[in-house]
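Heads up: the structure comes next, in structure tokens.
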Amino acid sequence: MNEPLKPAASGPDQSVADSEKAASRVKKLQEELTDHSYRYHVLDDPIISDAEYDRMLKELVALEEEYPHLSTDDSPTKRVGAPPLDAFETADHRVPMLSLDNAFDTDDIQEFSKRILRMLKSDQQVLFTAEPKLDGVAVELTYENGVLIQATTRGDGVTGEVITRNVRTIASVPLKLNASERSDIPEHLDVRGEVIIRQNGFETLNQERARNNEPLFANPRNAAAGSLRQLDSRITAQRPLDIFVYGVGFISGTGYATQEEMLLALKSFGFPVNEHIQYAVNLDAVISFYTRLEGIRDTLEYEIDGMVVKVDDIAIQQELGQKIKSPRWAIAWKFPAMEETTIIRDIRVQVGRTGTLTPVAILDPVSIAGVTVSRATLHNMDEITRKDIRIHDTVLVMRAGDVIPKVVKVITEKRDGNEIMFQMPESCPVCDGPVRRVEDEAAARCTNFSCPAQLKERLRHFVSKKGLDVDGLGTRLVDQLVEEGLLTAFGDVFTLDRHRLVGLERMGDKSADNLIQAVREAKNTTLRRFLFALGIDHVGENAARLLSQTFGTIEEIMAAPFDDIQAIHGMGDKSAMAVVEFFKNPENQAMVRRILESGVVLENDSMASEEQEESAFSGKTVVLTGTLETIKRGEAKALLEQKGAMVTSGVSKKTDWVIAGTKAGSKLDKARTLGINILDEQAFLKMLGT
Ligand code: IVH
């Protein structure tokens with residue numbers, strides 16, 4: 001890397017020389033930063049650190065401030081945003097931006113294909129390209145001689161709003177096109193694509209807005225639209241916007257022969273093109289691709305609401321032409337909606353293991369993409385107030401992946417005056433104990449440690465698979481034993497009396513014997529499992545493992561001062577505090593003692609930690625993808641980091657290992673293409689030494 005420029009010295013010759021030097025330095029910085037940004041945001045393969053990038057950018061900003069004529073439109077400094085506009089100007093699209101007809105099932109798609117074959121005079125074979133239908137905001141990007149000069153919204157299809165300054169802040173939009181071996185850069189090129197916000201960026205954005213008491217965005221598409229329509233592009237620059245391009249409008253020169261050729265050319269110019277595209281295939285392949293795409297829908301980091309099917313051959317596209325608003329050569333095959341409207345019949349309050357009261361909406365059952373939904377979480381009172389949710393409201397409910405359905409918003413137009421405001425109960429709905437609102441937390445909690453609802457939840461956790469793993473002691477039986485008064489504390493599990501069990505409903509001799517046997521087996525357990533089973537706040541599997549590795553015995557842990565626990569690498573302050581608090585409590589000390597006295601043996605199963613640190617993962621770059629069944633993603637990450645690995649989000653040539661859970665999608669595909677080592681969950685846990 002070059003030396004930064006020295007401060008300008010005086011004298012006319014000197015200043016000419018300086019300004020020439022500045023010009024060449026600026027050019028070099030602009031080029032290098034453009035390349036690094038492309039590597040980072042589009043290729044997912046950075047070769048310098050973020051800090052180094054920031055240093056170079058800072059130097060460039062300073063130089064462009066000193067020599068404003070060097071600050072070109074395509075300079076990476078333009079990504080940071082500019083002072084606000086009064087209003088957006090408008091501009092016509094050289095070629096109108098059409099919309100698409102919809103298809104909802106295979107019949108519609110077959111009809112679409114038949115119509116095309118009927119219209120074409122010859123009986124040539126027609127191939128299709130099928131792409132995800134991205135659920136974002138359509139934009140048009142205009143490049144002249146490879147430089148981005150204008151960006152517009154779709155508007156009414158003929159005229160759009162000019163949002164160039166905002167679009168320049170989107171890191172994955174090339175401000176200048178890469179020269180490409182595949183295709184010459186046209187003098188004029190209008191590129192079309194969809195601006196999106198990824199799921200994790202959307203969640204972070206909304207959390208921030210909640211903290212600042214700003215209204216939340218209902219979904220990533222609204223968030224993207226709102227962000228693009230900011231008059232102050234410095235705000236847009238803060239938003240996690242991204243883009244995929246899918247076509248061109250006006251283009252000078254000869255153009256492209258097929259959709260495939262066009263997308264590959266765009267990719268070579270530096271545009272992000274979606275990776276789940278099926279190029280030039282027959283109708284049967286289109287139909288089976290739909291099922292595949294629908295299958296990976298939940299695993300994608302961004303929202304798609306269907307698949308766009310396009311005739312691949314552009315000459316045939318032109319022959320088919322268009323109707324007033326939509327082309328005849330393309331169609332949007334929609335996925336079943338993940339959102340439906342229904343009515344809230346009631347709001348009930350559930351009590352969790354730590355006493356947290358969670359309001360839950362009881363809904364008129366509604367089928368959402370094939371799954372019947374009759375409950376939705378309302379999270380907490382703040383959320384209810386923010387969204388102004390009332391009993392009897394008609395609401396929009398969303399189901400995404402396997403997470404609990406949630407209420408997106410109230411359809412206030414449907415209110416008829418019979419809605420009832422909800423209030424959190426002042427006492428626990430289960431035990432009538434006092435409820436406390438935790439400072440800095442939105443949650444309200446029942447403070448009665450022996451509340452039956454909490455007790456049930458704690459016991460379920462205590463005996464669960466990842467806890468002490470008492471075979472056959474499931475949710476229903478725990479509830480029954482609590483209700484019958486046979487379980488009032490953890491220790492009771494180990495002193496269950498066979499005679500009393502046999503007397504219970506649905507419990508025969510055999511079941512009672514099995515349970516007693518399972519309890520006996522569960523007595524030989526490990527320190528790690530036991531610590532996890534206790535259900536101490538902020539102590540998950542990872543913290544439990546760290547504690548057992550570090551201290552080795554329960555006595556050591558119970559006596560450990562805060563500083564010693566907090567000093568463990570990978571242990572959070574909150575967890576450390578919670579452990580100390582938990583064992584400081586004499587009742588908890590007595591509880592542990594009673595369990596040990598009933599014959600529970602806590603073996604220390606952790607390997608010597610020094611050996612573990614020198615693991616196969618030391619110094620390696622690892623990517624986690626898909627759903628892990630037995631360990632939380634965050635815990636897996638913490639463990640890997642503890643073993644000296646660097647955990648990154650994107651797969652690149654630099655990646656050493658990809659750990660693929662179920663439903664792993666594009667990252668796994670990419671890892672296979674690049675020939676990177678792939679581990680499934682079993683193999684991963686084995687390598688970790690669990
Ligand atoms: S092609 C004439 N491809 O869907 C061709 N559109 O309903 C029209 N969209 O306004 C566009 N993903 O915003 C095309 N892969 C994709 C798309 C896509 C999303 C949006 C686009 C368009 C709307 C049409």
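Data for the structure
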quantity: Estimated inter-spin distance, LEU85 and ARG672, nm [label 7 Å along Cα→Cβ]; calculated: 4.5
quantity: Calculated P(r) tail over 17 Å for the stretch 215-267, as whole % of Cα pairs; calculated: 54
quantity: Computed lengthening from LYS574 to GLU641, 0.36 nm per intervening residue step minus Cα-Cα distance; calculated: 22.2 nm
quantity: Label-point gap, in nm, between THR630 and SER450 - each point 7 angstrom along Cα→Cβ; calculated: 3.7
quantity: Inter-probe distance in nm under a simple model that places probes 7 Å from Cα toward Cβ, at ARG593 and SER367; calculated: 6.0
quantity: Hypothetical label at ASP605: residues of the stretch 655-690 whose amide nitrogen lies under 19 Å (7 Å Cα-Cβ projection); calculated: 681-690
quantity: Rounded FRET efficiency, nearest 0.05, which uses the C-beta distance separating LYS686 from ALA518 and R0 of 25 Å; calculated: 0.45
quantity: Over the chain: helical MRE at 222 nm, DSSP H runs n ≥ 4 each giving -39500 (n - 2.57), nearest 500; calculated: -11000 deg cm²/dmol
quantity: Additional length obtainable on full extension of the chain from GLN125 to GLU294, 0.36 nm per residue less Cα span; calculated: 58.2 nm
quantity: Gain in span if fully extended, GLU208 to ARG500, counting 0.36 nm per residue against the direct Cα distance; calculated: 99.8 nm
quantity: Surface accessible to a 1.4 Å probe, VAL502 within the full protein complex, Å²; calculated: 50
quantity: Rounded percent of accessible protein surface that carbon and sulfur make up, the stretch 178-218, 1.4 Å probe; calculated: 39
quantity: Rg to Rh quotient for the chain, alpha carbon positions, Kirkwood Rh; calculated: 1.02
quantity: The stretch 569-690 - percent of accessible surface contributed by carbon and sulfur, probe 1.4 Å; calculated: 52
quantity: Accessible area of ILE277 in the full protein assembly, 1.4 Å probe (Å², nearest 10); calculated: 20
quantity: Average accessible surface area per residue within the stretch 373-463, 1.4 Å rolling probe, Å²; calculated: 54
quantity: 5 angstrom amide H check on ILE304, placed H, neighbours 5+ away; calculated: ASP135
quantity: Of all accessible heavy-atom area on the stretch 21-63, the percent that carbon and sulfur account for (1.4 Å); calculated: 55
quantity: Karplus (6.51, -1.76, 1.60) ³J(HN,Hα), θ = phi - 60°, over the stretch 169-177, in Hz, Gly and Pro reported as x; calculated: 7, 7, 4, 8, 7, x, 7, 9, 7
quantity: Residue-normalised accessible area of the stretch 27-134, expressed per residue, 1.4 Å probe, Å²; calculated: 59
quantity: LYS654 accessible area, assembled protein chains, probe 1.4 Å, Å²; calculated: 110
quantity: Residues with amide H under 5 Å from that of GLY626, placed H, sequence gap 5 or more; calculated: GLY661, GLY665
quantity: In the stretch 458-536, the trypsin sites (Lys or Arg not before Pro) that fall in loop regions by DSSP, at most 13 other Cβ within 10 Å; calculated: LYS465, ARG506
quantity: Integer Hz, Karplus 6.51/-1.76/1.60 couplings in order for the stretch 270-280, x for Gly and Pro; calculated: x, 7, x, 10, 4, 8, 9, 10, 9, 8, 6
quantity: Ranking by accessible area, most exposed first, for ARG594, ARG345, ARG192 with a 1.4 Å probe; calculated: ARG345, ARG594, ARG192
quantity: For ASP605, residues with placed amide H under 5 Å, excluding near neighbours; calculated: LEU527, ARG528
quantity: HN-Hα J in Hz across the stretch 378-387 - Karplus 6.51, -1.76, 1.60, θ = phi - 60°, x for Gly and Pro; calculated: 10, 6, 6, 5, 4, 5, 5, 5, 4, 8
quantity: Cα gyration tensor shape for the stretch 103-236, rounded if a/c is under 1.5, else prolate or oblate; calculated: oblate
quantity: Sparse-neighbourhood loop sites, GluC sites (Glu not before Pro) in the stretch 139-238 - DSSP loop, at most 11 other Cβ within 10 angstrom; calculated: GLU181
quantity: Probe 1.4 Å, accessible area per residue of the stretch 577-690, Å²; calculated: 52
quantity: Order of exposure, largest accessible area first, which applies to PHE112, PHE551 with probe 1.4 Å; calculated: PHE551, PHE112
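The values are calculated or read from the model by the stated rules, or taken from the named source; none is laboratory data. Since we're looking at a predicted model, the values are computed, not measured. In this analysis, Cβ positions are derived from the backbone assuming ideal geometry, glycine residues included, and neighbour counts consider all displayed protein chains. Calculation scope for accessible area: heavy atoms of the full protein, side chains included, ligands and nucleic acids excluded. Shrake-Rupley method; radii C 1.70, N 1.55, O 1.52, S 1.80 Å.
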